Structures are given as structure tokens and as C-alpha cells.
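Accompanying notes for the structure given below.
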Amino acid sequence: MATKEKDREVLGAQAGLAGAVATEVHGELGEVEEIRARGYWEQVWRRFRRDKVAIGGGFFIILLFLVAFAGAPLAKHWLGHGPNDVFPGTALDPQTQLPVGPWTHFKTGPAGLGCLQGLPCKNTFFVLGADSQLGRDEFLRLLYGAQNSLEVAIFATIVAMTIGVLMGALAGYYGGVIDTLISRLTEIVMAFPLLLFVIALSATVGERMAGITFGFLPKGVVTLVLVGGVFGWFYPARIVRAQVLSLREKEFIEAAQMVGSSDWRIIRSHLLPHLVAPIIVYSTLIVAQFVLFEAGLSFLGLGIKLPAASWGNLLSSAPQFYLQQPWLMVWPGAAVLLTTLAFNLLGDGLRDAFDPRGSAH
């Protein structure tokens, strides 16, 4: 200990601050420890991973996608029946004629009917009970409903963000008449009576539009994606416009204009990379809105068409059994609640990570 203090005094007298620092870090005078600068995305990740709630929301979303798109087919194979298979006679309580409850085993014959003499029977298991008097598996319909609800939310978000980013970038960069026209169009879309439009659409060309499935989507998904995307772009457009208005006055934009870069090249190569952060943040927040959008319209019978499952149409058939089988409202309601909460928590965490100055923490 005395030797260390003596070394400190000698170096402090002869080499000043550099010698003292070398002694503290146990290095030789003249040696410099390498200091690595952190990149932008590394700093974002370091801030984001400190938010345990947002991390939890992200893990829940990853688990949800795995369960919906990988777990649903596995569950269908394991249980031996599909989400649209009906068991009208055997999946009802014999005394009350109500859908059976969770964790129910029963025997079924051909076409979901009871066992008949001389015909083969098989054991059938419903994890969460039956969804209605048709006797469909609530558990499988919940999983496949997650697929359909997430497809609507993700695809509608992509459409809305694409239109919104394009409109916002054009309005913010060009200004003047173009900005005025796009701003007025944005206000019209904001004030448009969306629910009345969807009702009118459903009553006129709804059936023909619902028939557009591209061979793999359930009926109604494309309609909801188009309606949600076309009428949901105004919020990201306003955000992007405000960002571009600020960015277009920067020196690097003026330099790009001076060297003769085209407007499209400036927007694509110089402005859009600076918009990645708000695009990511508001995309996660808009997904949550579209989950609620799909659930609300399907609950009213205007969204995904039966027999395809969605969280909204599962909720629409549940109230008639709310006294006898209240869990029929609990399962899809909890799914909608937890999914929207997870996307909102993830979005809030990403916003704080990208913009720590705007964080309330």
C-alpha cells in the first residue's frame, strides 16, 4: 500500500495528470486504452433493453405470433379436428343443451354426431370448451382467430404507413400548394364517418369484396385491410410531415440540392433514413389500433365472415351465454386486451429508446 502511494506521488510530481491516470488504470505512461464509440443503433438497444416492461411486451408479441402461426396447425393435428368442425350433438351438455365447458372429453361418431352402433367412434377433447351450440372448438378458433386478426392488423398497418409516409414526405418536402392539398385531404380523411361507410360498403358490394381471398386468406380480411389502410394513414402522415419540415432545412439537404440530386433521390436517400425511428414507433402503436378495429367490426358482423374465426366474431356469439358460460367472453376478450397492451407497451418503449429526451423517465 505504501509503495503504491509512493509511486503515485513520484509520478504525480514528474508526469502530472497523465502519470496519475496511468497509475490508476495499472498501465504504463504513454499507453492509451482503446475507447470505442457506440453507434446509433447500439445506443438505442442499450436504452431499450433497460425498459423491462417493453421487453416483456416484445416477448409476448413474439410468443403470440409463434402460437398463432406455428402452434395452431400443431394443435389442430394433435386434437384431430379443425376450428370449423362442428359437433352439434356431442359438444352440448345433455341436460342444459348449452356448449360444454373447458377441459371436456366426449365421444363422437361420423360428422360430429353421437356414437351409433356399428359405426366407428373416437375420443374428442375440447381444451376451452365449445364456442356455441354448433359445438366448435373454442381453443382452436381462438388460435386461428389470432391468425386472422393479426393478418388484418399487420397488412393494414403496412398499407396505412406506406400511404402516410409518402403523403407526409411529399407535403413536408415540397410545401406550398402540395402541402395545402395533402393537409386538406388529411383533414377530410380524419373527419370521414368510417363506421357508416363500412356499413354502406357491407350492404352493397361487401359480399363481392369479401370473396377476394387470394386463395389463402379468409373472407373479409382483404376488405378490412383496404378500409383500414385507406382511412388510417392520416396520423402517420402528420407525424412524417412535421419531421420532414424540420429536416428539409438541414445543411445536408441543401448540399444534396446543390450537387443536383433529384427530389425523389433526396426523399428516398436522405430523408427516409432519418424517418426510420418514427416509422417503427408508430407502426407498433397503429397495429394495436387495427387489432381493435378488426375486433369491433367483426363483433358487429361487418368484418371477417363466418365460419372463419376471429377474436371479434368469437366475442359476438359469446353474450348469449354470458350467465351460463362467461368464459366464452373471457378468452377472446383477454386476447384482445393483452395483444393491444403488448403492442402499446412495446411502442412506448421504442419511443423512449429512440428519443430519450422525450422520455418521461
Those residues that are among the hydroxyl-bearing types (Ser, Thr, Tyr) and open to solvent by less than 60 Å² (accessible area, probe 1.4 Å), I need them from the range 254-264; list them, please. Ser261
Out of the range 213-238, which residues are surrounded by 15 or more Cβ atoms within 10 Å (Cβ to Cβ) and β-branched (Val, Ile, Thr)? Val221, Val222, Thr223, Val225, Val227, Val230
Tally the residues that are in a helix (DSSP H, G or I) and free of Cβ contacts under 8 Å to residues at least 24 places away in the same chain, restricting the search to the range 54-94. 9
Determine which member of the set Phe197, Phe214 is part of a helix (DSSP H, G or I) and either in contact with a helix residue (DSSP H, G or I) (Cβ under 9 Å, 6 or more places away or on another chain) or modelled with pLDDT under 85 (or both). Phe197
Of residues in the range 98-136 being modelled with pLDDT of 80 or more and among the polar types (S, T, N, Q), the one least open to solvent (accessible area, probe 1.4 Å): Thr124
Being open to solvent by less than 20 Å² (accessible area, probe 1.4 Å) and within 22 Å of Leu337 (Cα to Cα) is the filter here, so list the residues in the range 144-173 that pass it. Gly145, Ala146, Asn148, Ser149, Leu150, Val152, Ala153, Ala156, Thr157
Find the residue count for the range 124-152, including only residues that are in a helix (DSSP H, G or I) and aromatic (Phe, Trp, Tyr). 2
Are there any pairs, at least 6 apart or on different chains, whose C-beta atoms fall under 8 Å, with the first in the range 239-253 and open to solvent by 60 Å² or more (accessible area, probe 1.4 Å) and the second aliphatic (A, V, I, L, M), and if so, which? Arg241/Met167; Arg241/Ala169; Arg241/Ala171; Arg241/Ile182; Gln243/Leu275; Arg248/Leu271
When you scan the range 332-342, do you find a residue that is in contact with a Lys or Arg (Cβ under 8 Å, 6 or more places away or on another chain), assigned to a helix (DSSP H, G or I), more than 17 Å from Leu140 (Cα to Cα) and not β-branched (Val, Ile, Thr), even just one? no
Checking the condition under 21 Å from Pro99 (Cα atoms), aliphatic (A, V, I, L, M) and either crowded, with 16+ Cβ neighbours inside 10 Å or touching a residue at least 60 places away in the same chain (Cβ under 8 Å) (or both), which residue from Leu275, Leu285, Leu302, Leu328 passes? Leu328
So which residues in the range 305-325 are open to solvent by less than 30 Å² (accessible area, probe 1.4 Å), part of a loop (DSSP other than H, G, I, E, B) and not small (Gly, Ala, Ser)? Gln325
Would you confirm whether or not the range 174-183 contains a residue that is crowded, with 19+ Cβ neighbours inside 10 Å and of a type in the set (Ser, Thr, Tyr)? no
So, in the range 46-69, exactly how many residues are more than 17 Å from the chain's Cα centre (by Cα) and hydrophobic (A, V, I, L, M, F, W, C)? 1
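The values are calculated or read from the model by the stated rules, or taken from the named source; none is laboratory data. Just so we're clear, the structure is a prediction, and the values are computed from it rather than from any experiment. With ideal geometry, Cβ positions are generated from the backbone for all residues, glycine too; neighbour counts draw on all protein chains shown. We work out accessible area using only protein heavy atoms, side chains counted, and drop any ligands, DNA or RNA first. Shrake-Rupley method; radii C 1.70, N 1.55, O 1.52, S 1.80 Å.
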